[in-house]
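To start, the structure under review is shown below, and the notes come after it.
The values are calculated or read from the model by the stated rules, or taken from the named source; none is laboratory data. Keep in mind that this is a model prediction, so the values were computed, not measured. Positions of Cβ are generated from backbone atoms using ideal geometry, with glycine treated the same way; all protein chains shown enter the neighbour counts. Remember, those area values only see protein heavy atoms, side chains included, never the ligands or the DNA or RNA. Shrake-Rupley method; radii C 1.70, N 1.55, O 1.52, S 1.80 Å.
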Amino acid sequence: MHIWNLFIATILGIVEGLTEFAPVSSTGHMIIVDDMFLNSKEVFTPQVATAFKVVIQLGSILAVVVVFRNRFFDLLHLKKMKSEDEVNHHKLNLFQVFVGLLPAVILGLLFDDYIEANLFSINTVIIGLVAGAILMLIADWKSKRTHTLDTVDKLTYKHAFIIGLFQCLALWPGFSRSGSTISAGVLSGLSHRASADFTFIMAVPIMAGASALTLLKNWSAFTPDALPFFIVGFISAFVVALISIRFFLALINKIKLVPFAIYRIVLALILFLIIHM
């Protein structure tokens, strides 16, 4: 395994960790960084490249599990209630998570091959970046004019379904899963932090399920030569995601979505100028 290959693994892992849960589109940034700078397609077989994307996503998923471990214990009823008040207090439940997941799971299964074959390009990423930014700006504008629910435990099935519908937009590369779902939560009356919490919690089963299917299809890519590449990418994605998730959750109610929307529009403009000049 050449040093350059490990460098590619590290950079792509860092990009994944930084962008997977920020509303800027991890898929879009992976396409940009890889296609415009690293050209990993010239180094690795398509099967290895596909498996690697899954491995670094698993690193990000593990980071979410670590950050939200107490919440997942609650969802799975693995944590004992401390008091009768806590028992009677409404808590986010697994079925609400399922309701949020269902729309994107159905559309993803139906159109996965088409999306993979036709939408993974810089031009589609530019469209997704701008469209997602507009949605985020609308969500922030509306949030200033409505009362918001400040915790994910106040989320209803209606909120979960609306967020699930908007999550389907993220099937378009560049749109951003967290950008679409946080915007949907804010538009439906949740605070930015509550929307982000639900977004991250939903990410684990949907990303783990999609990753498992892809790994099964590409299991032969895990050769002794490729393992160091996968391990370095996984570790870098996990560490960076762990840091970025904590940082994002601490700030999201303060900075909201406008800074991310501006970044997306500026990035889309730069990309447009680069590829059309």
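Summary table below
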{"item": "Residue satisfying all of: in the range 50-78; over 13 Å from the mean Cα position of the chain (by Cα) and aliphatic (A, V, I, L, M); nearest to ILE235 (Cα to Cα) among these", "result": "VAL55"}
{"item": "Output for the range 212-228, where each listed residue is β-branched (Val, Ile, Thr) and closer than 14 Å to ILE56 by Cβ", "result": "THR214"}
{"item": "Counted residues, the range 134-152 - those being in contact with a strand residue (DSSP E or B) (Cβ under 8 Å, 6 or more places away or on another chain), hydrophobic (A, V, I, L, M, F, W, C) and open to solvent by 40 Å² or more (accessible area, probe 1.4 Å)", "result": "1"}
{"item": "Of all residues making up the range 167-191, the number that are under 18 Å from LYS256 (Cα atoms) and either crowded, with 24+ Cβ neighbours inside 10 Å or among the acidic types (Asp, Glu) (or both)", "result": "13"}
{"item": "Among residues of the range 113-156, those that are assigned to a helix (DSSP H, G or I) and either touching a residue at least 40 places away in the same chain (Cβ under 8 Å) or of a type in the set (D, E, K, R) (or both), counted", "result": "27"}
{"item": "Residue in the range 89-103 that is at pLDDT 85 or above, of a type in the set (A, V, I, L, M, F, W, C) and under 24 Å from ALA237 (Cβ atoms) present", "result": "yes"}
{"item": "Filter result for the condition that a residue is among the small types (Gly, Ala, Ser) and outside any helix (DSSP H, G or I), over GLY179, GLY164, GLY174", "result": "GLY174"}
{"item": "Failed criterion for LEU155 (all others in (1) open to solvent by less than 20 Å² (accessible area, probe 1.4 Å); (2) farther than 30 Å from PHE272 by Cα; (3) modelled with pLDDT of 95 or more hold)", "result": "(3)"}
{"item": "Positions within the range 92-133 being open to solvent by 50 Å² or more (accessible area, probe 1.4 Å) and more than 19 Å from GLY164 (Cα to Cα), in sequence order", "result": "ASP113, TYR114, GLU116, ALA117, ASN118, PHE120, ASN123, ILE127, VAL130"}
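So that you can scan it fast, the table gives a plain yes or no per residue for (1) open to solvent by less than 40 Å² (accessible area, probe 1.4 Å); (2) in a helix (DSSP H, G or I); (3) in contact with a Lys or Arg (Cβ under 7 Å, 6 or more places away or on another chain); (4) closer than 26 Å to SER178 by Cα:
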residue	(1), (2), (3), (4)
SER220	no, yes, no, no
PHE229	yes, yes, no, no
VAL232	no, yes, no, yes
VAL240	yes, yes, no, yes
PHE248	yes, yes, no, yes
ALA261	yes, yes, no, yes
ILE265	no, yes, no, yes
LEU273	no, yes, no, no
